[in-house]
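Quick note: the coordinates plus some simple rules give every number you see, no bench work behind them. Being a predicted model, the structure only gives us computed values, none of them experimental. Neighbour counts are summed over all protein chains in view; Cβ atoms, including those assigned to glycine, are modelled from backbone coordinates with ideal geometry.
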């Protein structure tokens, strides 16, 4: 069992309080929105964050850099991913 603890300097986040100590499906955390990209940040720490995205057909994120490692998981549908100059489908 995992225990939630704030890291030094982190403040409690009321927007994410409802997620603490619960089991959930990633696909239930953010709704699809027609013609756009929807997102919900579920973890926000100085050491990194976790954001859940949903993409409508033909939508995507622009190429960008981030100060932390990235993790991509695709629980529903299909997509094309470019990371560190490499393409994956």
Total residues in segment 45-79, condition assigned to a loop (DSSP other than H, G, I, E, B) and within 16 Å of residue 33 (Cα to Cα) = 8
If you check residue 56 against the conditions, is it out of contact with any helix residue (DSSP H, G or I) (no Cβ under 9 Å at 6 or more places or on another chain) and in contact (Cβ under 8 Å) with a residue 24 or more places away in the chain?
-> yes
